[in-house]
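Asker: Have a look at the structure that comes next, please.
The values are calculated or read from the model by the stated rules, or taken from the named source; none is laboratory data. Note that the structure is predicted; figures quoted are calculated from it, not measured. Neighbour counts run over all protein chains shown; Cβ positions are idealised from the backbone, glycine included. Accessible surface is based on the protein model in full, side chains and every heavy atom, while ligands, DNA and RNA are left aside. Shrake-Rupley method; radii C 1.70, N 1.55, O 1.52, S 1.80 Å.
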Amino acid sequence: MFDRIWTFLKWLFDYLLTIIKTLPRDIRGLYKLSRNSLTIKYHVYRKRDFIAIFRNNVKYYKSKPCFISEDTTLSFQQVEDLTNQLANYFLAEGYSYGDVIALILDNSIEYPCVWIGLSKIGCITALINTNLRATPLLHSIQTVNAKGVITSKYLLPEIESELKELNINKVYLFDSKNKLTTNISNGCTSILSFETIQLYEQLEKCSIQPTKPIPYNLKHPVFYIFTSGTTGLPKAAVIKHSRFFLGSFGFIVATGITDKDIMYDTLPFYHSLGGWVCITHSLIGGCTTVLRKKFSASNFWKDCVRYKCTGFTYVGELCRFLLAQPPSEYDRKHSIRLCCGNGLRQNLWTPFVERFNVREIYEFYAATESNAYFFNIDSHPGACGFYSLIAPRALGSVLVRFDPITLEPIRDGKTKLCIRCKADERGLLLGMIENNILHAFDGYVNNPSGTKRKVVEDIYKKGDRAFNTGDVMVADKYGYLYFCDRTGDTFRWKGENVSTVEVENILMNLLKRNDVVVFGVAIPETDGKAGMAVILDGPSLPIDMNTLAGDLKKNGLPSYARPCFIRLTKHIELTGTFKVKKTVFQEEGFDLKLINEPIFYLNPQKQIYERLTSEIYDLILKEKIKF
């Protein structure tokens, strides 16, 4: 009896100490969550969308730089004028409320202006990954029923063959003014089945006056952002005005970014973080955003010093690349006070802070279409967020136990409800779906089956629903959340989501084989997971490893999706429901000590597959060979 009382008192004492330790964090977090919610409700009550908020900022800031790219600067007023010209032009071209236009453009100062301008007339912009080619590109454009395409004269030759297959009459070219050429007569020229129009030449004739306001509708999409999924091809996540508010205000409130900040954005603009959230720091937050065409580790801190940046956004790979650079006088010469992003691993966190003196790191967890999101607001190393111990359900997310084979939630034998995880127990992250802005799941465009597969029912009680993130996390006793792994058919590599089904399909078609398994494998001291393919080997159809990498490229597979390792096996085991048992292959990875079958690696210099030897294996582990 005494032992039980003593055990209970120890537990109670430890629990109270934990509450006391985390109380300041929890109060601060709940304050930020409430502030975000109230801010959104205020603008909804006033029936203001992001266009109205931006126009208020234009009145207030006018000549203040809104976007800066290299030597080009657009003030808030100039962005307003340019986007009004875009809106007037496309309205005159016959586009109207609800029409979709695909944007296939490299990072540029014009990029955000496109979707801002199109939003002013209710058109929806589909942000297309510029790395896509062949079937994935065609699928992306066709899925959203795009009526037009905006690209550049540099990208056009690379995607010309795909555009020929589409029923599109005009392709609009939006190149920076200083890159315009005279080989386009009067702004138009005929290229095979479609006409090309140089936008800047046409916009000079357009009015800078605002177009007629569109109906206020929070459920209307601003744009579509593509994400890899279990269908094997990109899925278009719907970003409605309501979700646009959630992401935009959420980041500003969580990080404390103000109109006095100068943010540095080097991430791809077709991604939600680089092309949506970072842009709204200016549109809604009133700060200046410096846009870079492409990330450069050697010029990163130089740019931060040159433009007097006070913050930047990152993905984990970006921070690793910066740490890999030789020490420089610019490492601490900058004025950076904060950074926000995801994927900064725990073992890199402290070295990054100590070397570059960036004290405020706002690591977060979110996904383009997901309603589950967290923020690490107190720079706790390695954590991507937390849940409040005094209000654990405030964020509407839950970790549940799952089957590592089927990757489905494990149910209680009696209640048939999901089983919630305890502290330090790995679990599948679910986001509870509710009928409000904070917890809505808007699904995918023209993909009801993909939307349905993402929904799990009966979590806390019968009939409730949740979004299955497919991500595995663990929470410690203080409520801090740590990202563990990505389940199912997607993994992350080189800052991109890779669909295993897409890679499997291309390999099957290319090799004329049905037994192909693709998954991600961890490489020591490397962010994300490298792609690995296991192929059932047979004498009838030998595989030419010398040409395979080139063939994958020709078939439209982006460089980040091409497997870094290929294993030839004699047997692939299936479950009772004819699903491949990936777990054994994933556990063995490319470890030559565990595998007696031939493994090939993608030589980074030669870009061909060569046999993985013990010497090469050791060089990879020692980071002498990097992918």
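Asker: Filter region 121-150 for residues that are over 21 Å from the mean Cα position of the chain (by Cα) and either among the hydrophobic types (A, V, I, L, M, F, W, C) or open to solvent by less than 10 Å² (accessible area, probe 1.4 Å) (or both); which is nearest to THR266 (Cα to Cα)?
Answerer: Applying the filter and picking the extreme gives ILE150.
Asker: Which of (1) farther than 26 Å from LEU218 by Cα; (2) open to solvent by less than 30 Å² (accessible area, probe 1.4 Å); (3) in contact (Cβ under 8 Å) with a residue 40 or more places away in the chain is the odd one out, the single condition LEU510 does not satisfy?
Answerer: So LEU510 meets the others, but not (2).
Asker: Could you say which residue among ASN56, ASN107, ASN84 is over 24 Å from THR151 (Cβ atoms) and of a type outside the set (D, E, K, R)?
Answerer: Working: ASN107 fails: over 24 Å from THR151 (Cβ atoms); ASN84 fails: over 24 Å from THR151 (Cβ atoms).
Unique residue meeting the criteria: ASN56.
Here is a yes/no grid of residues against (1) in a helix (DSSP H, G or I); (2) open to solvent by less than 20 Å² (accessible area, probe 1.4 Å); (3) in the same structural domain as ILE128 (by the TED database):
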residue	(1), (2), (3)
PRO210	no, no, yes
TYR216	no, no, yes
PHE226	no, no, yes
LEU233	no, no, yes
PHE269	no, yes, yes
VAL277	yes, yes, yes
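Asker: Confirm whether SER242 is among the polar types (S, T, N, Q) and touching a Leu at 6+ places or on another chain (Cβ under 6 Å).
Answerer: Working: among the polar types (S, T, N, Q): yes; touching a Leu at 6+ places or on another chain (Cβ under 6 Å): yes.
For SER242, the condition - among the polar types (S, T, N, Q) and touching a Leu at 6+ places or on another chain (Cβ under 6 Å) - is met.
Asker: Looking at (1) among the polar types (S, T, N, Q); (2) out of contact with any Phe, Trp or Tyr (no Cβ under 6 Å at 6 or more places or on another chain); (3) touching a residue at least 40 places away in the same chain (Cβ under 8 Å), can you tell me which one THR569 breaks?
Answerer: Of everything listed in (1) among the polar types (S, T, N, Q); (2) out of contact with any Phe, Trp or Tyr (no Cβ under 6 Å at 6 or more places or on another chain); (3) touching a residue at least 40 places away in the same chain (Cβ under 8 Å), THR569 misses just condition (3).
Asker: Please state which one of TYR42, TYR15 is open to solvent by 50 Å² or more (accessible area, probe 1.4 Å) and farther than 30 Å from LYS240 by Cβ.
Answerer: On the way: TYR42 fails: farther than 30 Å from LYS240 by Cβ.
Sole residue among the options that is open to solvent by 50 Å² or more (accessible area, probe 1.4 Å) and farther than 30 Å from LYS240 by Cβ: TYR15.
Asker: Within region 527-555, work out how many residues are out of contact with any Asp or Glu (no Cβ under 8 Å at 6 or more places or on another chain), within 30 Å of CYS319 (Cβ to Cβ) and not hydrophobic (A, V, I, L, M, F, W, C).
Answerer: Of the residues in that region, 3 qualify.
Asker: Confirm whether THR130 is in contact with a Lys or Arg (Cβ under 8 Å, 6 or more places away or on another chain) and either outside any strand (DSSP E or B) or assigned by the TED database to the domain that holds ALA52 (or both). Don't jump to the end; show me each part of the working.
Answerer: Numbers: in contact with a Lys or Arg (Cβ under 8 Å, 6 or more places away or on another chain): no; either outside any strand (DSSP E or B) or assigned by the TED database to the domain that holds ALA52 (or both): yes.
No: the conditions fail for THR130.
One line per residue, one yes/no per condition, for (1) open to solvent by less than 10 Å² (accessible area, probe 1.4 Å); (2) more than 30 Å from LEU137 (Cα to Cα); (3) in contact (Cβ under 8 Å) with a residue 24 or more places away in the chain:
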{"site": "ARG4", "(1), (2), (3)": "no, yes, no"}
{"site": "TYR31", "(1), (2), (3)": "no, yes, no"}
{"site": "LYS62", "(1), (2), (3)": "no, yes, no"}
{"site": "PHE67", "(1), (2), (3)": "yes, no, yes"}
{"site": "ALA87", "(1), (2), (3)": "yes, no, yes"}
{"site": "PHE90", "(1), (2), (3)": "yes, no, yes"}
{"site": "SER96", "(1), (2), (3)": "no, no, yes"}
{"site": "VAL114", "(1), (2), (3)": "yes, no, yes"}
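Asker: Now for a separate question. Mind counting the residues in region 342-368 that are within 23 Å of ASP471 (Cα to Cα) and touching an Asp or Glu at 6+ places or on another chain (Cβ under 7 Å)?
Answerer: The first filter runs over region 342-368 and keeps only residues within 23 Å of ASP471 (Cα to Cα), leaving 342-349, 361-368.
Restricting the remaining residues to those that are touching an Asp or Glu at 6+ places or on another chain (Cβ under 7 Å) gives 342-345.
Here the count works out to 4.
Asker: For LEU481, only one of the following conditions fails: (1) out of contact with any helix residue (DSSP H, G or I) (no Cβ under 9 Å at 6 or more places or on another chain); (2) within 28 Å of LYS624 (Cβ to Cβ); (3) at pLDDT 90 or above. What is its number?
Answerer: Going through (1) out of contact with any helix residue (DSSP H, G or I) (no Cβ under 9 Å at 6 or more places or on another chain); (2) within 28 Å of LYS624 (Cβ to Cβ); (3) at pLDDT 90 or above one by one, LEU481 breaks only (2).
Asker: Being touching a residue at least 12 places away in the same chain (Cβ under 8 Å), in a strand (DSSP E or B) and surrounded by fewer than 20 Cβ atoms within 10 Å (Cβ to Cβ), is that true of even one residue in region 391-399?
Answerer: No, because not a single residue in region 391-399 is touching a residue at least 12 places away in the same chain (Cβ under 8 Å), in a strand (DSSP E or B) and surrounded by fewer than 20 Cβ atoms within 10 Å (Cβ to Cβ).
Asker: Would you mind telling me which numbered condition in (1) surrounded by fewer than 22 Cβ atoms within 10 Å (Cβ to Cβ); (2) outside any strand (DSSP E or B) GLY528 fails?
Answerer: Condition not satisfied by GLY528: (1).
Asker: For region 416-437, which residues satisfy the criterion of being buried (at least 16 other Cβ atoms within 10 Å of the Cβ) and closer than 25 Å to HIS220 by Cβ?
Answerer: Those that are buried (at least 16 other Cβ atoms within 10 Å of the Cβ) and closer than 25 Å to HIS220 by Cβ: GLY431, MET432, ILE433, ILE437.
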